[in-house]
Every structure is written in C-alpha cells, then in structure tokens.
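The values are calculated or read from the model by the stated rules, or taken from the named source; none is laboratory data. Quick caveat: nothing in here was measured; it's all calculated off a predicted structure. Heads up, the Cβs are rebuilt from the backbone with ideal geometry, glycines too, and the neighbour counts pull from every protein chain shown. Areas reflect the complete protein model, heavy atoms only, side chains present, ligands, DNA and RNA absent. Shrake-Rupley method; radii C 1.70, N 1.55, O 1.52, S 1.80 Å.
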Amino acid sequence: MVLVPFSCFGIFVVYSGWLTYVFLVLQIFEFLGCILLIVSIWLQKSLLVICFLIADIMCIIWYLVNSIIDMVNGEILAGVLMIFIIFLLIYFWICVLSWFIELRQQEEEN
C-alpha cells in the first residue's frame, strides 16, 4: 500500500497493488505532457501539445472512475471533490485544445 499525493490540493490517496503503478505512470506521463506544453510555447510546435491532450484525457477518465468508486463506497465528499477537479481538468483541456488548434493553423500558414 502506497500513499500517493493527489493533484495539487494536498489530498493523499491510498492505492495498493497494481493501481499504484497505473497511477504513477499516468502522473509521470501527465508531468511530461506539461513540460512539453511549456516547451511548445517557445518552439511553436503543435506536435508537443498532443502528449498533454492525451495524458489529460486519461487523467479525466481515471478521476471519473475513482470518483464513482468513492461515491459507491460512501466517500461522498471525496467523490464530489474529484468531480470538481474533473471539471477543472476539462476546462484546462479545452484551453490547451484551443492552443493546439491555433498552432495547427499557424503551421498550415507557414
């Protein structure tokens, strides 16, 4: 059993077994996507943004499944908090998608 920090809100989630590794791989992939997103601002390359978009969709699905499991297990507050985080992730995903579309248009013009 491993205590893993959940997002940037200071909440800790306990995962055991293979879920620990899935969560850690997903978080590492999302972290790399964030770094590539920052690099895409300087290099103006749309290909770098795709990693973040894919990783964020996987995180949204992961958190959605976890929020449903939490609510079924009676942890209503944790489930509601995760749903709030999901809405934030969706909002940021839409913002990054608009950045991706803008970069694609700039690349097509050049």
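Would you mention how many residues in segment 67-110 are of a type in the set (Phe, Trp, Tyr), within 15 Å of residue 55 (Cβ to Cβ) and without any contact (Cβ under 8 Å) to a residue 40 or more places away in the chain? Here the count works out to 1.
If I ask for residues that are over 20 Å from residue 57 (Cβ atoms), open to solvent by less than 90 Å² (accessible area, probe 1.4 Å) and assigned to a helix (DSSP H, G or I), which ones from segment 67-78 would you list? Outline the logic, then answer.
Residues of segment 67-78 over 20 Å from residue 57 (Cβ atoms): 70-78.
Narrowing further to those that are open to solvent by less than 90 Å² (accessible area, probe 1.4 Å): 70-71, 74, 78.
Matches in segment 67-78: 70, 71, 78.
Kindly establish whether residue 81 is at pLDDT 90 or above and surrounded by 13 or more Cβ atoms within 10 Å (Cβ to Cβ). In short, no.
Of all positions in segment 31-52, none carries a residue that is modelled with pLDDT under 85, assigned to a helix (DSSP H, G or I) and either in contact with a Pro (Cβ under 8 Å, 6 or more places away or on another chain) or surrounded by 11 or more Cβ atoms within 10 Å (Cβ to Cβ) (or both). Of all the listed residues (59, 8), the sole one being open to solvent by 90 Å² or more (accessible area, probe 1.4 Å), modelled with pLDDT under 90 and closer than 30 Å to residue 102 by Cβ is 8.
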